[in-house]
Amino acid sequence: MQPGARIPDVTFRTRVRDESIDGPNPFRWEERDTASYFAGKRVVLFSLPGAFTPTCSTYQLPGFEKNIEAFRAQGIDAIYCMSVNDAFVMNQWAKAQNLENVEVIPDGSGEFTRRAGMLVRKDNLGFGLRSWRYAAVINDGRVEAWFEEPGLCDNHPEDPYGVSSPESVLEWLEKANREQAA
């Protein structure tokens, strides 16, 4: 996707905690559309090949989580992590990562990812269809900046990481804000 492009308009099937539900699994289905996440906000969206995977769990997600105040200081309202995983997996990953600042978005069917041009095959890892690793600054549903790892292709033998890191996105935001202020 290019700066200025509108992000795909899709509906995500999520699971949310509902205290009115008794039992060991007090969650209900909730549909959330793209606008409910992105309309009227300046956010960072990052997407990755899969919940619980090493680079995602060790570097990318924790880096965004711990740097929330630095992102807010640069005018970011929210940070979202998306993956082609279902709501059950994404919620358990968020719980395992002790997330308080980053919200996970389950793109279980890969519809957003496909329409963004980021859906790739990862059959070489036994994953099937997944997201290529990227990050973006989204302002009111439009791409402000796009950070795509190099080598986008099916069954890539490696998992490139760096362009979409929290550090890279934060560096871009700081520079863009300095230039705007000048």
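Could you run through segment 145-171 and say how many residues are touching a residue at least 24 places away in the same chain (Cβ under 8 Å), assigned to a helix (DSSP H, G or I) and open to solvent by 80 Å² or more (accessible area, probe 1.4 Å)?
Total meeting the criteria: 1.
Scan segment 107-118 and report the pairs whose first residue is at positive phi and whose second residue is outside any helix (DSSP H, G or I) and open to solvent by less than 60 Å² (accessible area, probe 1.4 Å), with Cβ atoms within less than 7 Å and a gap of 6+ or a chain change.
Within 7 Å, the pairs are 110/84; 110/119; 117/1.
What are the residues in segment 44-66 that are in contact (Cβ under 8 Å) with a residue 60 or more places away in the chain, in contact with a strand residue (DSSP E or B) (Cβ under 9 Å, 6 or more places away or on another chain) and farther than 22 Å from residue 120 by Cα, if any?
64
Count, please, the residues in segment 15-28 that happen to be open to solvent by 50 Å² or more (accessible area, probe 1.4 Å) and touching a residue at least 40 places away in the same chain (Cβ under 8 Å).
Residues in segment 15-28 being open to solvent by 50 Å² or more (accessible area, probe 1.4 Å) and touching a residue at least 40 places away in the same chain (Cβ under 8 Å): 1 in total.
In a helix (DSSP H, G or I), open to solvent by 50 Å² or more (accessible area, probe 1.4 Å) and within 30 Å of residue 157 (Cβ to Cβ): does that describe residue 64?
Criteria not met by residue 64.
Identify, by number, the condition in (1) open to solvent by 60 Å² or more (accessible area, probe 1.4 Å); (2) without any contact (Cβ under 8 Å) to a residue 24 or more places away in the chain that residue 121 doesn't meet.
Only one criterion in (1) open to solvent by 60 Å² or more (accessible area, probe 1.4 Å); (2) without any contact (Cβ under 8 Å) to a residue 24 or more places away in the chain is unmet by residue 121, namely (2).
Let's see how each residue does on (1) more than 21 Å from residue 166 (Cα to Cα); (2) buried (at least 20 other Cβ atoms within 10 Å of the Cβ):
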position: 44; (1), (2): no, yes
position: 54; (1), (2): no, no
position: 100; (1), (2): no, no
position: 109; (1), (2): yes, no
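The values are calculated or read from the model by the stated rules, or taken from the named source; none is laboratory data. Given the structure is predicted, the values throughout are model-derived calculations rather than measurements. FYI the Cβ positions are ideal-geometry reconstructions off the backbone, even for glycines, and counts take in every protein chain you see. Protein only, heavy atoms only, side chains kept; ligands, DNA and RNA dropped before computing areas. Shrake-Rupley method; radii C 1.70, N 1.55, O 1.52, S 1.80 Å.
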